[in-house]
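Novice: Dropping a structure here in structure tokens format, bear with me for questions.
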Amino acid sequence: MCAVSMNSRLRFFPWRAACAAALCGPLLALAQQQPSDYAREKRWADEIVPSLVVGEPVWLEAPRTQRFLGIYAEAKNAKGAVVLAHGLGVHPDYGIIGELRTRLRDMGYTTLSIQMPILAADAPAARYPVLFWEADARFAAALTYLRTKKYAKVVLLSHSMGSRMANHYVAAHPQVPLSGWISLSISSGEFAPLKRLKFPVYDVYAEKDLDVVVAGVEKRAASIKRTRGSSQTMVFGTDHYFAKKEKELASLIRLLLEGEGK
């Protein structure tokens, strides 16, 4: 409807064009938003919560979204806290994020791995940007939860699509009180503009990563070059999921958390 209204007749009536644009803007914004598949989230939660060995389930709330699952694993005498965001269409105890949340807890960092918004199982990655608004709200809710626990140092750690969501969040909220963002194999291969960040960005990828991730190495390095303390690291001998290199990756992340990677 909006596209049809912007026809040649409007060229002679600028005010009509302006009104049409004003109406189209909110409609376009709504079209680019979609809530998560909450039924699918519930199925994931029903499956993983009873089998948790490390950590406990916490239910977090954010505006305009149903409550969502977080897995909170508190470290004794914690050095800080890490919010973890998983990749495409899975859950907070899956794959490399599931491995890292437990390994980092054992290394002295409290972890909060959160359920990111998801679409139906057959939804392509290209559809996922409609969920980024909800991802923003979930990151904010996770940080609020950790602030109630009195953590002064909080780092965001994300993988694949979770890194795209994290990128959207930190780009839109550069003043958010994070101590750093560790991006693992961002699935778009590049960072959205990162300006005025008050914390370092660590770009980590695998030697045998997705083609798009490897192709974007130089562009990502340029994106973070002017953000103080930021760095880029390749993990040798593994793929997009860091298979068989979970221990080495956790050790690298510990170095970054402790400032060794700056």
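The values are calculated or read from the model by the stated rules, or taken from the named source; none is laboratory data. Every value quoted in this text rests on a predicted model; they were computed, and no experiment measured them. Neighbour counts run over all protein chains shown; Cβ positions are idealised from the backbone, glycine included. Areas reflect the complete protein model, heavy atoms only, side chains present, ligands, DNA and RNA absent. Shrake-Rupley method; radii C 1.70, N 1.55, O 1.52, S 1.80 Å.
Novice: Full extension from Lys219 to Thr148: what is 0.36 nm times the residue separation minus their Cα-Cα distance, to one decimal in nm?
Specialist: Working it through step by step, the gained length comes to 21.8 nm.
Novice: Taking a virtual spin label 7 Å from the Cα of Ala171 along the C-beta vector, which residues in segment 88-102 bring their backbone nitrogen under 18 Å of it?
Specialist: The answer is 88.
Novice: Still on this structure, please answer the following. Per residue, how large is the accessible surface of the chain? Use a 1.4 angstrom probe and give square angstrom.
Specialist: Working: 13290 Å² over 262 residues.
About 51 Å² of surface per residue is accessible.
Novice: Per residue of segment 49-62, in order, report the coupling 6.51 cos²θ - 1.76 cosθ + 1.60 (Karplus, θ = phi - 60°) as ³J(HN,Hα) in whole Hz, putting x for Gly and Pro.
Specialist: Residue by residue, segment 49-62 yields 4, x, 9, 5, 9, 10, x, 9, x, 10, 10, 9, 10, 9 Hz.
Novice: At 0.36 nm per residue, minus the direct Cα-Cα distance, what do Val212 and Lys76 gain on full extension? Give it in nm, one decimal, please.
Specialist: 45.0 nm
Novice: Helix 246-257: angle to the longest alpha-carbon principal axis of the chain, degrees 0 to 90, nearest 10?
Specialist: Long axis of 246-257 versus the principal axis of the chain: about 80 degrees.
Novice: Can you compute the helix-only [θ] at 222 nm over the chain? Use -39500 (n - 2.57) per DSSP H run of at least 4 residues, normalise by all residues, nearest 500 deg cm²/dmol.
Specialist: Helix contribution divided over all residues of the chain: -11500 deg cm²/dmol.
Novice: Follow-up. If Lys and Arg each add +1 and Asp and Glu each add -1, what is the summed charge of the other residues whose beta carbon sits under 10 Å from the beta carbon of Ala75?
Specialist: On the way: positive: Lys76, Lys79, Arg105; negative: Glu74, Asp106.
Residues near Ala75 contribute +1 overall.
Novice: Also: Return the long-range amide H neighbours of Met116 (sequence gap of 5 or more, or a different chain), with a cut-off of under 5 Å between placed amide H atoms.
Specialist: Here the answer is His86, since their amide H atoms fall under 5 Å of that of Met116.
Novice: Let me ask you something else. Quick one: net charge around Ala137, please, counting Lys, Arg +1 and Asp, Glu -1 for every other residue with C-beta under 11 Å from its C-beta. Don't skip to the answer; put the middle values down first.
Specialist: Values: positive: Arg64, Arg138; negative: Glu61, Glu134, Asp136.
Once all neighbours under 11 Å are counted, the net charge is -1.
Novice: About its Cα centre, what dipole magnitude does the chain give when the only charges are +1 on Lys and Arg Cβ and -1 on Asp and Glu Cβ, stated in debye to the nearest 20? Please report the intermediate quantities before stating the final value.
Specialist: Numbers: 34 positive and 24 negative charges, 225 e Å.
Here the chain has a charge dipole of around 1080 debye.
Novice: So, one more: Counting only protein heavy atoms and using a 1.4 Å probe, what share of the accessible area of segment 98-212 belongs to carbon plus sulfur, as a whole percent?
Specialist: Here it works out to 52 percent.
Novice: Given labels modelled 7 Å from the Cα in the Cβ direction, how far is it in nm from Val49 to Thr233?
Specialist: Modelled inter-label distance: 3.5 nm.
Novice: Mind running the shape call on the chain? Use the C-alpha gyration tensor, a ≥ b ≥ c as the square roots of the eigenvalues: rounded below 1.5 for a/c, prolate if a/b tops b/c, oblate otherwise. Don't skip to the end; give the middle numbers.
Specialist: Numbers: a/c = 1.89, a/b = 1.53, b/c = 1.24.
Verdict is prolate for the chain.
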